[in-house]
Amino acid sequence: MTNSSLAGSLLAGKNVLVIGASRGIGAAAARLFAREGAAVALAARDTEALAAVADEITAAGGTAHVLAADLADPRSVEDAVAGAAERLGGLDGAFNNGGIFERTADLADRTEDEFDKILRVNLKGVWVAMAAQARVMRAAGGGAIVGTSSIASLRQYHLTPVYSAAKRALNSLTESAAVSFGPDGIRVNAIAVGFTATDMTAGWEEQQPGVTAAITGQIPLRRVARPEEIAEAAAWLLSDRASFVNGAVLPVTGGADV
């Protein structure tokens with residue numbers, strides 16, 4: 001890739017951090033952002049998997065840096081944001097994609113530790129990341145932040161009640177951050193992701209055989225999403241083409257509403 005060939009790309013010249021970039025949607029986003037002209041910093045717990053994604057990007061002529069981060073550890077998240085800004089020479093965008101799922105069971109069949117872990121990673125960890133990213137972007141005059149929410153945040157979803165609650169809270173946090181950070185030129189949006197072919201959903205299928213077919217039957221397009229399709233939505237929201245989109249929770253669900 002040359003600078004001239006990237007001049008018209010969606011994210012040309014932007015520095016973007018992807019948290020949760022070791023697999024699935026995050027890895028697909030990292031590859032896409034680089035193809036669209038961004039220099040990327042990749043963060044997750046599994047730095048070996050991150051390095052493999054980064055090697056793909058650099059082999060194609062892109063720029064990618066690897067950083068360790070665990071959304072359950074606020075200090076590591078703050079360090080990753082600071083490290084991304086330092087290595088990239090600034091931070092124009094961030095995609096906060098990391099998170100954990102929950103085992104399917106009755107709402108009453110939860111331990112306090114399980115409840116706390118789901119909220120610590122899926123809500124508190126993303127808040128820590130957003131706050132750190134906003135501090136960096138404020139100093140630079142603006143930027144864009146995108147979070148990964150879920151279709152489960154838009155409707156009742158009794159199979160994953162705590163996960164759903166955390167993602168619904170993330171939607172509210174996104175809307176509040178959009179108002180708080182907007183005057184600083186920072187846009188904050190989220191994607192309500194529908195059923196997507198990832199390791200996370202494969203694990204759900206192992207727990208509950210047949211769930212993929214059941215959910216697919218409720219999707220008007222009659223298929224699950226590919227990680228690359230979610231990444232496309234994130235790239236657009238991070239780009240200047242979405243310059244007046246702020247505080248949105250964009251459903252990318254194939255038309256499903258439950």
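Values quoted throughout were computed directly from the atomic coordinates according to the rules given, and no laboratory measurement underlies them. Just so we're clear, the structure is a prediction, and the values are computed from it rather than from any experiment. Heads up, the Cβs are rebuilt from the backbone with ideal geometry, glycines too, and the neighbour counts pull from every protein chain shown.
Histogrammed with a bin width of 10 Å, the alpha carbon distances of region 1-111 distribute as 16, 45, 24, 10, 4, 1 percent, first bin at zero. Here the chain is treated as an ellipsoid with the same Cα gyration tensor; its semi-axes, largest first and in whole Å, are 28, 20, 18. Restricting the trypsin sites (Lys or Arg not before Pro) of region 206-243 to loop positions (DSSP other than H, G, I, E, B) with no more than 11 neighbouring Cβ atoms within 10 Å leaves ARG222, ARG223. Summing charges over all other residues whose Cβ lies under 12 Å from the Cβ of ILE186, with Lys and Arg as +1 and Asp and Glu as -1, gives +1. How much net charge surrounds LEU237 when only the other residues with a Cβ under 14 Å from the Cβ of LEU237 are counted, with Lys and Arg +1 and Asp and Glu -1? Spelling it out: positives minus negatives among the neighbours equals -2. Placing a label point 7 Å from the Cα of LYS117 along the Cα-to-Cβ line, the residues of region 184-221 whose backbone N sits under 19 Å from it are 199-208. Across region 124-258, counting alpha-carbon atoms alone, Rg and Dmax equal 15.8, 49 Å. Of the trypsin sites (Lys or Arg not before Pro) found in region 119-180, those in coil by DSSP whose Cβ has at most 12 other Cβ atoms within 10 Å are ARG155.
Of the chymotrypsin sites (Phe, Trp or Tyr not before Pro) found in region 152-258, the ones in coil according to DSSP and having at most 10 other Cβ atoms within 10 Å of their Cβ are PHE244. Going by neighbour counts of Cβ atoms within 10 Å, the residues SER76, SER176, SER239 line up, fewest first, as SER176, SER76, SER239.
If the segment from VAL245 to SER180 were pulled out straight at 0.36 nm per residue, it would be longer than the present Cα-Cα gap by 21.9 nm. Stretching the chain fully between GLU228 and ALA131 yields a gain of 32.2 nm (0.36 nm per residue, less the alpha carbon separation).
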